Amino acid sequence: MDFDFKKIEQKWQKRWENKKIFQVKESKKKKFYVLEMFPYPSASGLHMGHALNYTIGDIYVRFKRMQGFNVLYPMGFDALGLPAENAAIKAGEHPKPFTEKAIKNYVKQMKLIGLSYDWSKTLSTMDPEYYKWNQFWFLKFLEADLVYRKKAPVNWCPKCKTVLANEQVQKGVCWRHEDTEVEIKHLDQWYLKTTKYADELLDKVDGLEWPQKIKSMQKNWIGKSHGTEILFEIEGKKWPIFTTRPDTLFGVTFMVISAQHSELMSLVTEKQKKEVEKFLKKLKSTSEKDIEELEKEGVFTGSYARNPINGEEIPIWAGNFVVADYGSGMVMAVPGHDQRDFDFASKYKINIKEVIKQEAKPIASLSKNQTKGGNVKEKAYIQEGVLVNSKEFNGIKNDKAKEKITEFLKKKKLGKKVIQYKLRDWGFSRQRYWGTPIPIINCGSCGLVPVPEKDLPVKLPEKVKFGKGNPLETNEKWINVKCPKCKGDATREPDTMDTFFDSSWYFLRYPDNKNSKKPFDKTLVQKWLPVDQYIGGTEHACMHLIYARFFTKVLRDLGFLDFDEPFTKLFNQGMLKGHDGEKMSKSKGNVVLPEEVSKKYGIDAARLFLVSNSSPDKDIDWSEEGIQGSFKFIKKIVNYFEEVQFEKADARIESKINKTILEITEYLENFKYNLAVIKLRELFESLPEKTSKEVLENSLKLLNPFCPHITEELWEKLGNKNFLSLEKWSKANKKKINEFFEKQDLAISKLISDINQIFKLVKNKEKIYVYVLPNEKELYDEALINKISGRKISIFAVNDKTKYDPSNMSKKTKPGRPAIYLE
RNA sequence: GCGGAGUUGCCGGAGUGGUCAAACGGGGUAGGUUUAGGACCUAUUGGCUUAGUGCCUACAAAGGUUCGAAUCCUUUACUCCGCACCA
């Protein structure tokens with residue numbers, strides 16, 4: 001055993017690079033665009049978990065390339081963003097060189113893993129030649145009235161010192177700082193009208209070949225619901241209130257406005273002011289995390305609303321359980337028929353009114369929560385029923401009443417049917433440095449003036465001070481400019497864009513990554529897009545994957561492209577965890593580095609191991625024994641190739657290899673790499689000592705996507721001068737597949753196992769006689785059995801007159817079960 | 001609470017109506033080889049039993065459908081992952 005896999009890896013990585021064999025070229029071949037979500041280049045580099053992510057894609061790409069597709073497989077870097085800025089500050093460095101270093105390191109590591117990216121197509125979002133186009137899009141969106149600025153309650157992370165999008169707030173804490181509660185601030189921010197596309201984003205989800213999970217997460221996030229908007233009059237002002245239950249309008253006994261509502265104080269009367277302020281103070285002191293278990297609480301504001309349907313005066317409360325930016329931030333409360341309202345009303349002794357009654361039904365069908373007659377006692381009655389206490393609507397079934405009441409309100413111009421979404425407009429401005437500057441100039445006399453297109457990019461100035469407020473404001477030379485309109489003194493917008501803006505269209509830039517005139521050439525993008533296979537984790541289900549879809553639709557409507565969806569297929573890879581089953585992290589000390597593994601076992605073994613044990617969409621644990629198993633397998637193959645002799649292939653191995661080609665092709669296509677590896681093991685296990693070059697070559701081709709280096713080496717050893725990586729994927733010859741061989745293998749191994757068992761039970765026997773049914777004689781091939789078992793075994797058909805059978809064992813023979821006699 | 005995925009041998013995991021005591025790997029055990037260890041090779045790895053091909057138990061639990069179920073249906077339990085007071 002004298003193969004130096006390290007040397008082999010370097011040799012082939014170098015050759016691939018020198019010959020530029022993975023560079024995509026003009027070709028008549030069918031295009032295929034494979035993409036992994038581009039990484040944020042962290043200073044700590046890639047660990048084995050990243051290697052798994054990218055190996056999954058690389059295996060697929062190598063397979064597709066061999067299948068004859070013109071594959072575009074680029075890699076780039078999501079270089080801007082908070083983590084880089086924070087890490088750089090911590091390291092006392094400027095984010096720019098800091099990130100550049102990290103990128104260099106990433107590229108080096110990626111090459112080491114044998115990933116077959118086309119590096120001529122790379123991009124980095126920190127490159128002004130890239131973010132210039134972010135600014136370009138911003139201006140286009142502005143023209144198209146898709147961008148606006150508004151003062152609104154926003155999520156503010158005191159640690160990031162910036163505003164966060166809704167998508168970046170998880171369970172009340174910052175997605176980057178689990179220990180940091182998000183505060184609500186009222187600030188002027190830039191918004192993108194994602195809601196304008198809510199309908200299409202929702203409708204087209206179903207048509208995507210994406211994991212069901214992601215699709216339902218997106219649907220849930222967009223959260224469409226149909227309802228009625230009802231105008232309640234408060235202090236002479238009309239307030240639109242959204243409800244899905246207009247049928248319960250007569251049962252409204254109070255209103256609740258969100259405690260976070262910006263106009264809350266305008267509803268609070270002088271008398272109640274103290275109470276409300278006390279309540280708000282208390283709310284602020286409870287941590288966001290505890291809010292889950294928080295009881296519904298509220299305080300009376302002192303104001304009243306008028307119910308448009310019956311003119312009743314309804315007290316308005318402020319409550320902690322109403323979402324401020326859904327609907328209008330105020331709800332009509334019907335304690336009789338909504339559990340939350342019921343809880344609230346019970347607590348504050350507010351009147352509960354029954355307006356829906358169960359239709360007469362046999363008592364047996366009453367659920368345990370209902371009392372006879374549908375009286376509301378401990379719980380709200382939320383089932384179907386007929387209206388009562390609702391004047392002219394009495395007796396109508398409640399689902400019908402929804403329409404009737406809405407119609408009634410509409411006629412009086414007091415309400416209308418509406419559709420509500422949970423999805424909000426995307427607030428994308430950030431008060432941080434390391435992002436794309438928003439190309440806006442604030443002029444005292446002209447207002448907000450867009451930077452003219454010809455002046456793009458607005459480059460990030462290098463000299464800024466970190467720590468206090470918005471860093472860009474600390475560079476006076478940069479911040480102070482002349483107004484493009486009136487040439488008077490003005491200042492630049494100091495906010496930068498959320499980095500999700502960068503990643504919302506990067507996949508469109510790859511095919512034309514060097515274009516300095518346009519973000520991309522339309523024909524090129526039309527040629528390569530949509531991405532045929534996108535690969536990434538689930539964590540982006542409601543962020544990047546929604547934004548990217550939104551961008552695609554907007555750019556389509558602005559005429560930059562002609563398709564609707566950016567990613568035809570999506571694959572969610574699983575996570576590689578440490579040997580302890582925990583997420584890899586420095587603090588846990590369970591991080592495995594590709595360099596170290598490569599040194600010990602070679603990167604091919606690592607690649608193989610990563611996809612061997614479990615389906616790539618499931619989480620796996622790193623295991624030292626596991627990779628040793630893959631390492632042994634590779635060593636065995638290398639040894640085998642050193643000793644194999646050439647001869648015409650026999651039908652048995654021909655059958656095996658053709659069948660394996662079929663199976664592995666199918667498995668690779670569906671990302672069932674673990675099953676493909678099993679078939680590979682079985683194939684190499686069954687390769688005979690002497691066989692044809694063709695069989696060997698085909699076997700190497702099948703293994704190549706998993707272990708590209710060692711297979712290239714062996715391919716060359718077979719006398720080939722070209723790259724295996726550029727070879728054509730084998731096609732199975734179905735005619736050569738013969739199921740007989742498999743049946744035979746099975747039968748023989750069972751027989752041998754039986755013989756072995758008898759040997760265990762009885763000692764001092766040497767000669768073995770086996771009796772088989774005449775029609776199974778062919779199956780139990782004596783020469784083959786002897787070869788496999790390494791014993792001398794005599795096979796007789798039971799009807800063989802000349803057989804040796806002193807104890808008449810042959811009469812025990814049954815179909816598929818030969819009789820055995822030892823002596 | 002809602003939605004999604006899952007529960008298979010010592011472990012990771014295949015299998016989705018009969019060909020299943022269950023692929024493949026890891027681990028264990030026994031033997032071979034080796035100066036020893038490692039590496040490698042071979043056998044074995046649910047229980048009982050026996051010159052094997054037999055019986056029993058088993059695919060979270062309990063029921064059901066079926067000639068026949070790990071595989072289909074129902075209920076229950078547990079695990080994981082999303083969303084979560086969206087009116």
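The values are calculated or read from the model by the stated rules, or taken from the named source; none is laboratory data. For clarity, every value in this text was computed on a predicted model and none was experimentally measured. Counting neighbours? That spans all protein chains shown, and the Cβs are built from the backbone with ideal geometry, glycine included. Side chains included, ligands, DNA and RNA excluded: accessible areas come from the protein's heavy atoms. Shrake-Rupley method; radii C 1.70, N 1.55, O 1.52, S 1.80 Å.
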Does segment A:689-823 come out rounded, prolate or oblate by the C-alpha gyration tensor, with a ≥ b ≥ c the root eigenvalues, rounded set by a/c under 1.5 and, if not, prolate when a/b is larger than b/c and oblate if not? prolate
Counting only protein heavy atoms and rolling a 1.4 Å probe, one gets per residue an accessible area for segment A:693-823 in Å² of 57
List, in the order given, every pair from A:LYS6/A:LYS527; A:LYS150/A:LYS237; A:LYS30/A:LYS553 whose Cα-Cα distance in the structure shown is over 28 Å. A:LYS6/A:LYS527
Cα to Cα, under 13 Å, and not fewer than 8 places away if on the same chain: which aspartates and glutamates meet these conditions relative to A:LYS701? A:GLU712, A:GLU713, A:GLU716, A:GLU727
Quick one: length gained pulling A:LYS25 to A:PHE563 fully straight, 0.36 nm per residue minus the C-alpha distance? 191.4 nm
For peptides A:342-350, A:503-511, A:407-415, sequence by mean Cβ density within 10 Å, most packed first: A:503-511, A:342-350, A:407-415
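Rounded to the nearest 0.05, what FRET efficiency is calculated for A:SER516 and A:GLU235 with R0 set to 51 Å and r the Cβ-Cβ distance?
For R0 = 51 Å, the calculated efficiency reads 0.30.
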Within the accessible area of chain A, what % is carbon and sulfur when the probe is 1.4 Å and the other protein chains stay in place? 50
For the ranges A:716-724, A:630-638, what's the packing order if you count other beta-carbon atoms within 10 Å of each residue, average per peptide, and put the highest first? A:630-638, A:716-724
What is the sum of charges around A:LYS410, taking Lys and Arg as +1, Asp and Glu as -1, for the other residues whose C-beta is under 13 Å from the C-beta of A:LYS410? +4
Length-normalised contact order for segment A:622-773 - Cα pairs under 8 Å, 6+ apart - percent: 27
Given Cβ point charges of +1 (Lys, Arg) and -1 (Asp, Glu) and nothing else, what value in debye, to the nearest 20, does the dipole of segment A:32-160 about its Cα centre take? 120
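Could you size up the charge dipole of segment A:534-592 around its Cα centre, putting +1 on the beta carbon of Lys and Arg and -1 on that of Asp and Glu, and report it in debye to the nearest 20?
240
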Determine the alpha carbon to alpha carbon distance for each of A:LYS11/A:LYS104; A:LYS736/A:LYS803; A:LYS111/A:LYS656 and list only those over 31 Å. A:LYS736/A:LYS803; A:LYS111/A:LYS656
Placing +1 on the Cβ of each Lys and Arg and -1 on the Cβ of each Asp and Glu in chain A, which of A:ASN351, A:CYS174, A:HIS709 has its Cα farthest towards the positive end of the resulting dipole? A:HIS709
Let me know the charge dipole size of chain A about its Cα centre in debye, to the nearest 20, where only the beta-carbon of Lys, Arg (+1) and Asp, Glu (-1) is charged. 740
With point charges of +1 on the Cβ of Lys and Arg and -1 on the Cβ of Asp and Glu, referenced to the Cα centre of chain A, which listed residue (A:TRP16, A:LEU423, A:ASN310) lies farthest in the positive direction of the dipole? A:TRP16
Given R₀ = 41 Å, FRET efficiency for A:ASN351-A:LYS417 by Cβ-Cβ distance, to 0.05? 0.90
With a probe of 1.4 Å, find how much accessible area segment A:31-185 has per residue, and write the answer as a whole number in Å². 33
Just how far, in whole angstrom, is segment A:162-231 from segment A:247-269 if you go by their alpha carbon centroids? 24
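Rounded, prolate or oblate: which fits chain A, taking a ≥ b ≥ c as square roots of the Cα gyration tensor eigenvalues, rounded meaning a/c under 1.5, else prolate when a/b beats b/c?
Judged from the Cα gyration tensor, chain A comes out oblate (a/c at least 1.5, b/c at or above a/b).
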Entries in A:LYS690/A:LYS743; A:LYS193/A:LYS454; A:LYS140/A:LYS204; A:LYS29/A:LYS193; A:LYS274/A:LYS379; A:LYS90/A:LYS454 that, when Cα-Cα distance is taken, lie over 28 Å: A:LYS29/A:LYS193; A:LYS274/A:LYS379; A:LYS90/A:LYS454
Place a label point 7 angstrom from the Cα of A:SER692 along the Cα-to-Cβ direction, then list the residues of segment A:640-660 whose backbone nitrogen is under 17 Å away. A:645-660
Measure out, as a whole number of angstrom, how far apart the alpha-carbon centroids of segment A:315-362 and segment A:60-109 sit. 52
If you take the beta carbon distance between A:ASP781 and A:GLU384 as r and set R0 to 56 Å, what does 1/(1 + (r/R0)^6) give as a FRET efficiency, to the nearest 0.05? 0.15
May I ask what percent, to the nearest 5, of DSSP beta bridges between residues of chain A are antiparallel? 70
Tell me which of A:TYR771, A:ILE793, A:SER807 sits at the most positive position along the dipole axis of segment A:768-814, charges placed on C-beta atoms (Lys, Arg +1; Asp, Glu -1). A:SER807
Roughly how tilted is helix A:651-669, in degrees to the nearest 10 and between 0 and 90, from the longest Cα axis of chain A? 10
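For chain A, what's the relative contact order in percent, using C-alpha pairs closer than 8 Å and at least 6 residues apart? Mind showing how you got there, number by number?
Details: 1413 pairs, mean separation 111.0, N = 823.
Relative contact order of chain A: 13 percent.
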